[in-house]
Amino acid sequence: MINMSHLPIPLAVLYAGLAGTVLALIVATISNGCSLRVFFLLALRLAIGWHFLFEGLHKVESYYTGPTDTNRQFTSEPYFKVAPGPLGEKMRKEFSDPDAEIAAKVKAPESISPSDFAKLSEADQAAKCPPAVATQLDALEENAQDTVKAAAEKALKAVDETEAKATKDATEAETKGLKDAKTDEEKAKVKNTADAARAKAKAAADAARQAAQQQAATYQQGGKDMVIAAKAAYARWVYGVDARDCKVKGITNDVPLTAPQRIEHLAFLREKAEAAEKRETNGLGNGTGTDSKRIAEFRMDAITAASDLARDARTFIADLKKTLNGGKAVEETPAATRGQLIDRVTMWFLVVVGACLMGGLFTRLACVLATGFLVMTYLAHPPFPWYPLPPNTEGNPVFINKNVIEALALLTLACYPTGRWLGLDALVLRPFCKYKGECCTEPPASTSPSTRTR
């Protein structure tokens, strides 16, 4: 239910406007000869306009309020995610297209068996990484170089600290040993042991220091090697060499699967859903409610599996980027999808069309546009007997639902000049065409011969 307190219209003004609308409806009916046709057509237009207007205002309010504990931000993505109709799949791709992501990031560009791929060198494996992923990782080569350089500097600092600590420990042990020694022979032994410990610490530090300095001097090559290792790791998953833990419906614990195994599982789920839906379609939906529910579950399992695979690929790539970036997540601002843009257009479309129907402005055009919107909604979730019912459906419609009825009502309204009976069309359209008014009386049953021939 829409929270009126968030609207820029005081409730008193809203109620006054509603009372004025009812009064205007009565006056318009009287002005047209107390025609019941005028009254009910106007009442129908106002009712549909009210429905569109406040449905749009509710969506606008929820969108700009944002997600909170008591508010769920408007998005049509969940609605289209389960839409089985011919428009449903197209609209799902406007928000996200898992199949396109899977084709670009998860499917192996070449046909190579896992055993043969495992025999390739790391550089050759990296060269087989899907281009869409390789491009993202290559872009972080400078970050990887900085990571290598920072690691070398950190290692140099750690070497100095380790050497200083080892030397200090050897000196303290020597001091204590000399204090406890009774003879010159014991003192010499303590001194030799301490010298050996210091020499060993220095040798180890020199070796580690040399390695760190070498790493710092060749940090550019080190960065390239890190990128190659990251691309090779991703390619090994894509070509079926390495597995990654994932969730599989019906199994409690995580299951290690390679990318080809997950693609094969996704194909199995889709085949199962298509086979079940085909059986139901051939029977014109003559199954039971359990059959429809099972088909909906099969379809949802396939959709979810595709979304999960695309998401897990993004997560893997993000982890590799984090490694190349020195353990820090790479901040990326996701681009707005066309579906999100469509959502914003939709909620304001509902407000504008509802306001036009309520105010009688460009009424016939508003009726046609609203009908088009309802037709698209119908095509996303058609009430065919072999399809599951859309969310929050009342009753059990078969082929005909509320969208069809409301669309027919709007087309009926488009056939009458209701905007002139009550609305701004009486003013806006006056300069362009004349209007003689609506007469409630029926034409005479018979006319003169001269009239009939005209």
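The values are calculated or read from the model by the stated rules, or taken from the named source; none is laboratory data. None of the values given here were measured: they were computed from a predicted structure. Every residue, glycine as well, gets a Cβ built from its backbone with ideal geometry; the counts of neighbours run over all protein chains shown.
For the range 390-400, check the following and say yes or no: at least one residue is within 28 Å of Leu361 (Cβ to Cβ), hydroxyl-bearing (Ser, Thr, Tyr) and either surrounded by fewer than 17 Cβ atoms within 10 Å (Cβ to Cβ) or in contact with a Lys or Arg (Cβ under 8 Å, 6 or more places away or on another chain) (or both). No, the range 390-400 contains no residue that is within 28 Å of Leu361 (Cβ to Cβ), hydroxyl-bearing (Ser, Thr, Tyr) and either surrounded by fewer than 17 Cβ atoms within 10 Å (Cβ to Cβ) or in contact with a Lys or Arg (Cβ under 8 Å, 6 or more places away or on another chain) (or both). Based on this model, can you work out whether Ala305 counts as among the small types (Gly, Ala, Ser), surrounded by 15 or more Cβ atoms within 10 Å (Cβ to Cβ) and in a helix (DSSP H, G or I)? Criteria met by Ala305. In the range 322-333, the condition of being over 30 Å from Thr147 (Cβ atoms), polar (S, T, N, Q) and touching a residue at least 12 places away in the same chain (Cβ under 8 Å) is met by no residue. Looking across the range 41-71 at every residue that is in contact (Cβ under 8 Å) with a residue 24 or more places away in the chain and over 30 Å from Ile26 (Cβ atoms), the one that is nearest to the chain's Cα centre (by Cα) is identified as Tyr63.
Within the range 310-346, which residues are among the aliphatic types (A, V, I, L, M) and either modelled with pLDDT under 95 or out of contact with any Lys or Arg (no Cβ under 7 Å at 6 or more places or on another chain) (or both)?
Start the filter on the range 310-346 by keeping residues that are among the aliphatic types (A, V, I, L, M), which leaves 310, 313, 317-318, 320, 324, 329-330, 335-336, 341-342, 345.
Correct list: Ala310, Ile317, Ala318, Leu320, Leu324, Ala329, Val330, Ala335, Ala336, Leu341, Ile342, Val345.
Report, by residue number, each residue of the range 58-86 that is part of a helix (DSSP H, G or I), modelled with pLDDT under 90 and within 20 Å of Met376 (Cα to Cα). Glu77, Pro78, Tyr79, Phe80, Lys81, Pro86 - these are the residues of the range 58-86 that are part of a helix (DSSP H, G or I), modelled with pLDDT under 90 and within 20 Å of Met376 (Cα to Cα).
If you take the residues in the range 182-200 that are at pLDDT 85 or above and surrounded by 13 or more Cβ atoms within 10 Å (Cβ to Cβ), which one is nearest to Ala164 (Cα to Cα)? This residue is Arg198. Residues in the range 128-161 that are small (Gly, Ala, Ser) and free of Cβ contacts under 8 Å to residues at least 60 places away in the same chain: Ala132, Ala139, Ala158. Listed by first and then second residue, the pairs with beta-carbon distance under 7 Å, at least 6 apart or on different chains, first residue in the range 26-40 and assigned by TED's automatic domain parsing to the domain that holds Leu422, second surrounded by 14 or more Cβ atoms within 10 Å (Cβ to Cβ) and part of a loop (DSSP other than H, G, I, E, B), are Ala28/Leu422; Thr29/Ser35; Asn32/Glu438; Ser35/Glu438; Val38/Asn32; Val38/Glu438.
Name the one entry in Met358, Met376 that is surrounded by fewer than 19 Cβ atoms within 10 Å (Cβ to Cβ) and either without any contact (Cβ under 8 Å) to a residue 24 or more places away in the chain or outside any loop (DSSP other than H, G, I, E, B) (or both). Steps first, answer last, please.
Values: Met358 fails: surrounded by fewer than 19 Cβ atoms within 10 Å (Cβ to Cβ).
After applying the criteria, what remains is Met376.
Annotation note: Cβ proximity below 7 Å between a residue of the range 5-17 that is under 13 Å from His58 (Cα atoms) and a residue that is at pLDDT below 70 (sequence gap 6+ or interchain) occurs for no pair.
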